[in-house]
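Readers should treat all values here as calculations from the given coordinates under stated rules, not as data from a laboratory. Just so we're clear, the structure is a prediction, and the values are computed from it rather than from any experiment. Heads up, the Cβs are rebuilt from the backbone with ideal geometry, glycines too, and the neighbour counts pull from every protein chain shown.
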Amino acid sequence: MNESNRERNAVMRILVIAGLALGWGIASAQDGNADVEATFEMVRSFMENEREVMIEEELRLTDTEAEGFWPVYKAYRTEIDVFQDRYASLIAEYADNYGDLSAETAEHILDEYFEIENGLLAVREAYVSRFTGVVSIQKLTRFYQMENRIDNVAKLALAREIPLTDIPGQVERGRR
């Protein structure tokens, strides 16, 4: 398979995963009896497994590289997951306060969002030297590109589902 077809297949796989995740999330939110947290964890687990498969396919690691890469990757994902857990909590907090978001809560949510984003960037930067100890900088660049693609598709799916904050005293968009 040539490089352009590989890339197209990887992008399509990401889109399918995001679509499945989004579909499961909507279905669970609409079913009052569903355990939304369990569904979130199931989708997250599915995406993590798919993420690993895609990274393995795209990086084309040698046996020696794979032996060094995967333990570093597991440690990296453990640290990233801490911030993703915080992000999930932040979304839940926003949902709990949506429609009656005080200035104090809005400020807290914004501060937490920036702390999460800065923490994610710090982890990614901190792992560059660990990853380049086991793979080339070119493969590491490709790895971070794959991570960004997967994360951006997930963020896009979330952005479509999370409503914008109302501004006090202004008419809601689409309502007069």
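So here's what we get for this one:
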item: Viscosity 1.567 mPa s, 4 °C: Kirkwood-radius Stokes-Einstein D of region 52-176 over Cα pairs, µm²/s; result: 76 µm²/s
item: Order of 73, 94 - criterion: other Cβ atoms within 10 Å of each residue's Cβ, fewest first; result: 94, 73
item: Rg to Rh, two decimals, where region 40-123 supplies the alpha carbon set and Rh follows Kirkwood; result: 1.12
item: For 116, 162, order by how many other beta-carbon atoms lie within 10 Å, fewest first; result: 162, 116
item: ³J(HN,Hα) computed for each position of region 82-97 - Karplus, 6.51 cos²θ - 1.76 cosθ + 1.60, integer Hz, glycine/proline x; result: 4, 6, 5, 5, 4, 5, 4, 5, 5, 4, 5, 5, 4, 4, 5, 9
